[in-house]
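Asks: Would you mind keeping the following structure in view while I ask a few things?
Bear in mind that the values in this text are calculations on the coordinates, not laboratory data. Keep in mind that what you see is a predicted model, and the values were worked out from it rather than measured. Counting neighbours? That spans all protein chains shown, and the Cβs are built from the backbone with ideal geometry, glycine included.
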Amino acid sequence: MPNFLFICFSLFLSRYIPESHRATVTNWFRVPMNLLTCGALLTVNLPSVAADKRAVFAMCAIALGGGAAAASAFASATEEKDSSEVEKKKGR
């Protein structure tokens, strides 16, 4: 599964992000992922969370929902851009 993720991510990067900015953008995506991972791992050992891990699951579910909403907004924005480019090419 991770290999499929890397293939999809590299396809996304090559399509939407210029080569000159690709390393910077990739590093900016790693920052929130690392913060979420460290936060989840640190809270698992807290006494209040150790007894009931639903809070960590809820945090991860909220992050997943936010990511899905951002991906949906990005997809609709790029779809509008792609359709306007197609109409410009037809008008030539």
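Asks: Taking neighbour counts of Cβ atoms within 10 Å as a proxy for exposure, in what order, fewest first, do Val25, Val56 appear?
Replies: Val25, Val56
Asks: Next question. Assuming R0 = 41 Å, can you tell me the calculated FRET efficiency for the pair Glu79 and Asn45, based on Cβ-Cβ distance, to the nearest 0.05?
Replies: Efficiency, from the Cβ-Cβ distance: 0.40.
Asks: Now for a different question. Fewest Cβ neighbours within 10 Å first, please rank Thr24, Thr43 accordingly.
Replies: Going from least to most buried by this count: Thr24, Thr43.
Asks: Full extension from Lys53 to Phe6: what is 0.36 nm times the residue separation minus their Cα-Cα distance, to one decimal in nm?
Replies: Between Lys53 and Phe6, full extension yields 14.0 nm more.
Asks: Follow-up. Report ³J(HN,Hα) in whole Hz for each residue of region 54-68, in order, from the Karplus equation J = 6.51 cos²θ - 1.76 cosθ + 1.60 where θ = phi - 60°; Gly and Pro get x.
Replies: Working through the residues one at a time gives 5, 5, 5, 4, 5, 4, 5, 5, 5, 5, 5, x, x, x, 5 Hz.
Asks: Convert each backbone phi in region 47-53 into a coupling constant with the Karplus relation 6.51 cos²θ - 1.76 cosθ + 1.60 (shift: θ = phi - 60°), then list the ³J(HN,Hα) values in order as whole Hz, x for Gly and Pro.
Replies: Whole-Hz 3J(HN,Hα) from phi for region 47-53: x, 5, 8, 4, 6, 9, 8.
Asks: So what are the ³J(HN,Hα) numbers for region 25-40, from phi and the Karplus equation (6.51, -1.76, 1.60; θ = phi - 60°), rounded to whole Hz, Gly and Pro as x?
Replies: Here the 3J(HN,Hα) series is 5, 4, 5, 5, 6, 6, 4, x, 4, 5, 5, 5, 5, 5, x, 5 Hz.
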